[in-house]
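The values are calculated or read from the model by the stated rules, or taken from the named source; none is laboratory data. Only a predicted model underlies this, so the values are computations on that prediction, with no experimental measurement involved. Backbone-built Cβ (ideal geometry, glycine too); neighbour counts: all protein chains shown. Side chains included, ligands, DNA and RNA excluded: accessible areas come from the protein's heavy atoms. Shrake-Rupley method; radii C 1.70, N 1.55, O 1.52, S 1.80 Å.
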Amino acid sequence: MKLDRHSVIPEIRKFVSGLWRSEGKMGKEESRDVTTPSTEALEDGEEERGTWGNQCEFFLSCLGYAVGFGNVWRFPYLCYKNGGAAFLIPYVIMLLCAGLPLFFMELALGQYVSLGPNILFPKLAPLFSGLGWGMIVVSMLVAIYYNMILAWTLFYTFASFTSELPWGHCNNDFNSVTCFTEDEAANCRNQSMYLYNRTCVTVAKYCDLANFTTYNETHCQDPLDINNIVDANNALSKISASEDYFRNRMLGVTGKTWEDMGGMRWELVGCLALAWIIVFGCMVKGVKSSGKVVYFTALFPYAVLFILFIRGVTLEGAYKGVEFYFLKPNVTRLTEVEVWNDAATQIFYSLGSSFGGLITLASYNKFKNNCMRDAIVIAFSNCSTSVFAGFVIFSILGFLATELGVEVSDVVSSGSGLAFIVYPAAVTRMPVPPVWAILFFAMLITLGLDSQFTMVETLTTALFDQFESLRSRKPLVVGLMCLVLFLCGLTMCLEGGIYMFELFNWYSAGISVIILAISEIVLLQYMYGFGNFMRNIREEMQIYIPAPLYGYWAATWLVITPVALLIILIMSFYYYTPAYFDDYVYPSNIQTLGWFLCVSSIIFIPLGAIFAIVKGKTGKDLLQASPDFCPHHVRKMREQESAGNKGEPVGVFRYTYDNEGFQEPSAKVYPDLPKEQPPPYTANHM
């Protein structure tokens, strides 16, 4: 709803007169929230910038952003690696110490000011003007490689529309000579022979291929070291049909290194282009369009997980997998620092704090939405999803281990290895394999899209807030943004593009995000002030916080979370390992390039400080919140009053800040009342 000075001024005068008459009946605490009917209209009608269509759209968008690939392919592996069910103890503790406090803090911050991070932080403290831009750079770097995972998933989805999955056998033209399937290998073993190049060969031939001599019917001997006797099964390196498909059919990475990345994989280019077209189509109108899409993309993964769970637990060997995953907790692992570091890292990155995405999503909220309730529900839903996904994945891995006659630990994997090698191998052994493959990869697509929506929304919101004239050209801006990010990702479509992908994955959002998070919480809770921030939440946004929760937020924001983040940062340096892919460790100059990726975001913090100083900010002004660090409707009131009166004050609008971080030399009057009326009520500064 747009307001001009003729409609605003009478409403303001009417409100101020009523406030003056009722001053004696109002307590000090009740008198701080000074809003008018016109203000309420502005709260609910931010047409220019846009808001969520309803509360459900925001909730599902945040849930979809938090629940991503990591819930399916990272958490189950960490649970297996770190003591099974015992891992839930440090996981939940880290959720309460770091994950949830940061999640709520960013939602409240974005909702209060209704701005993206690049505009918000300069208003909060000019010295930290670059903090928001650092978050935006992180989101940009992650969006580039994150959509590559979507491209891979689309590639597998298209390949699943066949009667026989191509990664289930070694009879394809692209298969390497060392490709094997367990069924074919077992057939050769029954003949006391060994599988090589889709043919059963004798032990002598098999040993000779490995440059060994025959020791006996089951072992080979090194001719240069007669004491070196190896099992013939291990004489030659082997690659499963599913891994062969991933490496040689989709990536084409075999034989490639960073120095020789080979040619372009045009099918991957097409899949990457399609992934960006889907993102563009869903985001063409910003939150107005993506808010509708999330009804499907946020809920569909749960439907598929439930279907896969029902199917998984009915498979032979499912109990073996679930037992391995969850039913044999190893409590002694809790004494190891690495377990706690894994829990802290997983919960921190899973919820997506300090990427700018949560601030952006919340900035489109209604001013008085209960974001504390949303933060608590979403954070625990995210963790519950991770645990449930573990049951799904390990029930199927237990089935695969039983089918192959190996231990569950021999088929456990993490990351892309689970999604594109282990799980595809498992579905080939199920009845009607293409159906389960399509379901699984469709779930991965929707899991990835929600997170990608938020990261791209963070980038476009930064442009729209920085250059408001662009808001009328949303389709063009979103389209150009997707095109630029698509072009940036083309190097990952080379035959050796996985090396670039892993470099981005390793460095772009690791240590830098933790540093951004520490800077953010110190700025907001210590420089701006915990009390000021709480008054914004409780008294202006009118979010009810019970005493126990108030104490919890105070303890975490002021002490526990900063300490936890500092520990995570120290552990990240302590457990740092150079980037690698398979057995290939990147050269030192490429590791340096990776560190440049890491620093490319946090460098904006000192650059922003230098920029603020160059612009003339000095001393206390560098750390003091500006008058524009206030709700959206207040800023709009000022702008409309100023524009309507061409800078000449008429009527009154007085917004008094509730904390010292906001205080100005004198309360701003927009503008003064005529002399015959009583002076307006002004709340005391706290």
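Provide the gained length on full extension for the span Ile277 to Leu327, in nm with one decimal, where the gain is 0.36 nm per separating residue minus the Cα-Cα distance.
On the way: separation 50, 0.36 × 50 = 18.00 nm, distance 4.35 nm.
Roughly 13.7 nm would be gained on extension.
With a 1.4 Å probe and all protein chains kept in place, how much accessible area does His633 have, in Å² rounded to the nearest 10?
0 Å²
Quick one: compute the contact order of the chain, relative version, from alpha carbon pairs under 8 angstrom and 6+ residues apart, as a percent. Show your work: numbers first, answer last.
On the way: 1069 pairs, mean separation 203.7, N = 686.
Averaging sequence separation for qualifying contacts and normalising by length gives 30 percent for the chain.
Gain in length, Gln542 to Thr254, computed as 0.36 nm per residue apart minus the alpha-carbon separation, to one decimal in nm? Mind showing how you got there, number by number?
Values: separation 288, 0.36 × 288 = 103.68 nm, distance 5.91 nm.
Answer, rounded to one decimal: 97.8 nm.
Roughly how compact is the chain, stated as its Cα Rg over 2.2 N^0.38 Å to two decimals? All intermediate terms of the calculation are to be shown ahead of the outcome.
Working: Rg = 29.1 Å, N = 686, 2.2 N^0.38 = 26.3 Å.
Normalised Rg, Cα atoms only: 1.11.
What is the sum of charges, Lys and Arg at +1 and Asp and Glu at -1, for the other residues whose Cβ falls under 14 Å from the Cβ of Glu336? Could the numbers behind the result be given before it?
Working: positive: Lys81, Arg333; negative: Glu338, Asp342.
The answer is 0.
With a 1.4 Å probe and all protein chains in place, put Lys620, Lys474, Lys292, Lys81 in order of accessible area, largest first. It would help to have the intermediate numbers written out before the result.
Numbers: Lys620 150, Lys474 35, Lys292 110, Lys81 65 Å².
So the residues, ranked largest to smallest area, are Lys620, Lys292, Lys81, Lys474.
So if R0 is 22 Å, what FRET efficiency would Tyr550 and Tyr526 give, r being the distance between their Cβ atoms, rounded to the nearest 0.05? Each step should come with its number before you reach the end.
Values: r = 18 Å, r/R0 = 0.81.
FRET efficiency, Tyr550 to Tyr526: 0.80.
Could you please report the charge total around Pro546, scoring K, R as +1 and D, E as -1 over all other residues with beta-carbon less than 15 angstrom from its beta-carbon? Please list the in-between numbers first.
Numbers: positive: Arg373, Arg538; negative: none.
It works out to a net charge of +2.
Normalised by the residues of segment 460-596, what does the relative contact order come to in percent, with Cα pairs under 8 Å and at least six apart? Provide the component values of the computation, followed by the final result.
Working: 59 pairs, mean separation 35.7, N = 137.
Value for segment 460-596: 26 percent.
Using a 1.4 angstrom probe and counting only protein chains, how large is the accessible area of Arg74 in Å², to 10?
Estimated to the nearest 10 Å², Arg74 gives 90 Å².
May I ask you to rank Leu566, Leu308 by accessible area, largest first, using a 1.4 Å probe over the protein chains only? List each step's numbers first, then the result.
Working: Leu566 90, Leu308 5 Å².
Result of the area sort, largest leading: Leu566, Leu308.
Between Ala186 and Phe306, what's the calculated FRET efficiency when r is the beta-carbon distance and R0 is 45 Å? Round to 0.05. Write down the numbers at each step before the final one.
Details: r = 34 Å, r/R0 = 0.75.
Computed FRET efficiency for Ala186 and Phe306: 0.85.
Using protein chains only and a probe of 1.4 angstrom, how many square angstrom of Cys97 are accessible, to the nearest 10?
In the full protein context, Cys97 sits at about 30 Å².
Under the rule of -39500 (n - 2.57) per DSSP H run of 4 or more residues, summed and divided by the residues of the chain, what mean residue ellipticity at 222 nm is obtained, to the nearest 500 deg cm²/dmol? Provide the component values of the computation, followed by the final result.
Values: 30 runs with 375 residues, N = 686.
-17000 deg cm²/dmol, from helical runs alone.
Given R₀ = 51 Å, what would the calculated FRET efficiency be for Leu566 paired with Val484, taking r from the Cβ atoms and rounding to 0.05?
On the way: r = 36 Å, r/R0 = 0.70.
FRET efficiency, Leu566 to Val484: 0.90.
With label points built 7 Å along Cα→Cβ from the Cα atoms of Asn370 and Asp621, find their separation and express it in nm.
Each label point is offset 7 Å from its Cα along the Cβ direction, giving 4.3 nm.
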